[in-house]
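Visitor: Following this message is one structure expressed as structure tokens.
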Amino acid sequence: MARYINIKETASTNTYLARMAAMLPSGTVIYTHHQSAGRGQRGNSWEAEPGKNLTFSLLVKNAPVAPAAQFGISEAASLAIVDFLSQYSTGFSIKWPNDIYHGDRKICGILIEHSLCGNSIRHTIIGAGININQDVFLSDAPNPVSLKQIIGCETDLDSALRGVCSRIEAQVAALGTADGATRLHSRYLATLYRHDGCMHEFALPGGGHFMARIAGVAPAGTLMLEHADGSCHDYAFKEVQFVI
């Protein structure tokens, strides 16, 4: 059962939780209504108007996966948030590796950080920022959207926090069942943004665009793309970008 700790303000819930992780039980959730320097993947920032959105980090200890299969935790967290949001509307998907989209607009970012010990994961911190009740976005992020903009009304933040965290815990625990990881991976692929068999435009960080279709996601989390000439290539995060 999750234990919730509210922090009035902090730079980053992931950073705050990481400092105390050794002393806290699995299932601890650090959340705040004012995160002043939220972190995204590879140094990206996250805009969240104080008191309007969910910004939290969940501690998972002894997750039932080996370090080599740690991407399964990312899949579990992504699917849990899609399941939570799908109570309110349709059209949510996972933009590889773990952004949550509604149509072509981003509603959630996830940052997952692991602490490894030998051949096991000592603990995992699952941080998420979910746009819930924000009306106006001021950063230069190109395509944000909030749940309120989608459904037209506000959502209670406390009940939403508990709903999404319980789903994340359940999905991560399911990785330890006999075929849990296989079923979860199949669901992840089925929910993947632009995994529709069609050619889409991608960009390389250094410049240049190409057309490709998503062929899948490898166990290590790399994106498998089939190019227009029939060749297949794997891309790690930041090695390729969607053109939206």
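Visitor: Determine which member of the set F242, F237, F202 is modelled with pLDDT under 95 and surrounded by 12 or more Cβ atoms within 10 Å (Cβ to Cβ).
Guide: On inspection, the qualifying residue turns out to be F237.
Visitor: Same structure, new question: Is it the case that some residue within segment 151-158 is under 20 Å from I126 (Cα atoms) and in contact with a Phe, Trp or Tyr (Cβ under 6 Å, 6 or more places away or on another chain)?
Guide: The answer is no; no qualifying residue exists.
Visitor: P219 passes all but one of (1) under 17 Å from L79 (Cα atoms); (2) assigned by TED's automatic domain parsing to the domain that holds N98; which number fails?
Guide: Among (1) under 17 Å from L79 (Cα atoms); (2) assigned by TED's automatic domain parsing to the domain that holds N98, the lone unmet condition for P219 is (2).
Conditions (1) over 15 Å from F71 (Cβ atoms); (2) at pLDDT 95 or above; (3) among the β-branched types (V, I, T); (4) assigned to a loop (DSSP other than H, G, I, E, B), marked per residue:
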| position | (1), (2), (3), (4) |
| --- | --- |
| R162 | yes, yes, no, no |
| C165 | yes, yes, no, no |
| V172 | no, yes, yes, no |
| L189 | no, yes, no, no |
| D196 | yes, yes, no, yes |
| P219 | no, no, no, yes |
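Visitor: Are any residues in segment 7-37 within 22 Å of A170 (Cα to Cα) and not in a helix (DSSP H, G or I), and if so, which ones?
Guide: L24, P25, S26, G27, T28, V29, I30, Y31
Visitor: Are any residues in segment 198-217 part of a loop (DSSP other than H, G, I, E, B) and closer than 25 Å to F92 by Cβ, and if so, which ones?
Guide: Let us first name the residues in segment 198-217 that are part of a loop (DSSP other than H, G, I, E, B), namely 198-199, 204-208.
Result: C198, M199.
Visitor: Something else now. Could you grab me the full set of residues in segment 71-118 that are surrounded by 18 or more Cβ atoms within 10 Å (Cβ to Cβ), in a loop (DSSP other than H, G, I, E, B) and not hydrophobic (A, V, I, L, M, F, W, C)?
Guide: Those that are surrounded by 18 or more Cβ atoms within 10 Å (Cβ to Cβ), in a loop (DSSP other than H, G, I, E, B) and not hydrophobic (A, V, I, L, M, F, W, C): P97, N98.
Visitor: Residue by residue through segment 8-19, note down the ones that are surrounded by fewer than 17 Cβ atoms within 10 Å (Cβ to Cβ) and closer than 16 Å to L54 by Cα. Steps first, please.
Guide: Narrowing segment 8-19 to residues surrounded by fewer than 17 Cβ atoms within 10 Å (Cβ to Cβ): 8-9, 11, 19.
Matches in segment 8-19: K8, E9, A11.
Visitor: Within segment 141-158, is even one residue among the small types (G, A, S) and surrounded by fewer than 17 Cβ atoms within 10 Å (Cβ to Cβ)?
Guide: Among the residues of segment 141-158, at least one is among the small types (G, A, S) and surrounded by fewer than 17 Cβ atoms within 10 Å (Cβ to Cβ), which makes the answer yes.
Visitor: Somewhere in segment 163-173, is a residue within 30 Å of K61 (Cβ to Cβ) and not assigned by TED's automatic domain parsing to the domain that holds I100?
Guide: There is no residue in segment 163-173 that is within 30 Å of K61 (Cβ to Cβ) and not assigned by TED's automatic domain parsing to the domain that holds I100.
Visitor: For T55, which of the numbered conditions (1) at pLDDT below 95; (2) crowded, with 23+ Cβ neighbours inside 10 Å; (3) within 14 Å of C108 (Cβ to Cβ) fails to hold?
Guide: (1)
The values are calculated or read from the model by the stated rules, or taken from the named source; none is laboratory data. Please read all numbers here as calculations on a predicted model, not as lab measurements. Cβ coordinates were reconstructed from backbone atoms using ideal geometry, including for glycine residues, and neighbour counts include every protein chain displayed.
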